[in-house]
Amino acid sequence: MMTFDSDPNLDHHLGMDPFSYLSVLISIILGLGITQLVTGLGRLIQARARIKFYAPTIAWVMLLLIIHVQTWWAMFGLRSQLQWSFTQFFVVLLQPLILSLLAALVLPDIGPDTVADLRANYFAHTRWFFGLLVVLLLVSLTKDVILTGSLPNALNVGAHVMFIATSLVAMFVNREWFHRMLAPLNIALMLTYIAVLFSRLR
């Protein structure tokens, strides 16, 4: 393994603090996830004559876009973290990585001659999708413990618990009415969560 020693004076001169350096990779991964979601929507529109649409799928695409942007927005709060270990960075990096996996699962691959049923794709990946969503939320809580030594505030923890609970139910309940209700409900909850806790950069 190759190692390189950093010159603190040079880093200061270039304005490169640890967070600025580490956030580059985080931003790239989040950007790739957003690109995948937007590109997927574009392909759905192009192939709309051959697509059987399903409202919960489109709602989850919208929600994942919101979560990607919120994750990037919230990462600004890590700028005050001056000392980083590899473990700390890896846990932080897990969030955008899992989000990218969710972005890959939410829509099927749409080729030039693809005939796709979004409902069939949705229920084919239900356990993986919502299982990854639970892992994402647990990583989010773990990140705070590893970085600060404590959980976030009670309101933030409560929102995580609510999302975890609904996702666990969604993993094992295939009732149509439940999944049609879940996606718009989670969008409303996520927008409320952002409005209350992340309306401004901190």
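The values are calculated or read from the model by the stated rules, or taken from the named source; none is laboratory data. Note that this is a predicted model, so its numbers are computed, not measured. Every residue, glycine among them, receives a Cβ derived from its backbone with ideal geometry; neighbour counts consider all protein chains shown. For the accessible areas, the whole protein counts, side chains as well, though only heavy atoms, and no ligand, DNA or RNA atoms are used. Shrake-Rupley method; radii C 1.70, N 1.55, O 1.52, S 1.80 Å.
Just a few scattered comments:
- Any hit, segment 97-117, residues being under 15 Å from residue 25 (Cβ atoms), among the small types (Gly, Ala, Ser) and buried (at least 16 other Cβ atoms within 10 Å of the Cβ): yes
- Among the residues listed as 185, 189, 133, 138, the single one being part of a helix (DSSP H, G or I), among the aliphatic types (A, V, I, L, M) and within 30 Å of residue 83 (Cβ to Cβ): 138
- Flag for residue 63 being part of a helix (DSSP H, G or I), crowded, with 18+ Cβ neighbours inside 10 Å, under 13 Å from the mean Cα position of the chain (by Cα) and at pLDDT 95 or above: yes
- Residue list for segment 169-180, filter: open to solvent by 80 Å² or more (accessible area, probe 1.4 Å) and either among the hydroxyl-bearing types (Ser, Thr, Tyr) or assigned to a helix (DSSP H, G or I) (or both): 172, 177, 180
- Matching option when the condition is among the small types (Gly, Ala, Ser) and either modelled with pLDDT of 95 or more or open to solvent by 80 Å² or more (accessible area, probe 1.4 Å) (or both), among 154, 159, 183: 154
- Annotation note: Cβ proximity below 6 Å between a residue of segment 108-130 that is more than 20 Å from residue 170 (Cα to Cα) and a residue that is open to solvent by less than 30 Å² (accessible area, probe 1.4 Å) and assigned to a strand (DSSP E or B) (sequence gap 6+ or interchain) occurs for 116/51.
- Flag if residue 138 is open to solvent by 30 Å² or more (accessible area, probe 1.4 Å), touching a residue at least 12 places away in the same chain (Cβ under 8 Å), in contact with a helix residue (DSSP H, G or I) (Cβ under 8 Å, 6 or more places away or on another chain) and not charged (D, E, K, R): yes
- Selection of segment 142-166 for residues being among the β-branched types (Val, Ile, Thr), within 22 Å of residue 192 (Cα to Cα) and either without any contact (Cβ under 8 Å) to a residue 12 or more places away in the chain or not in a helix (DSSP H, G or I) (or both) yields only 161.
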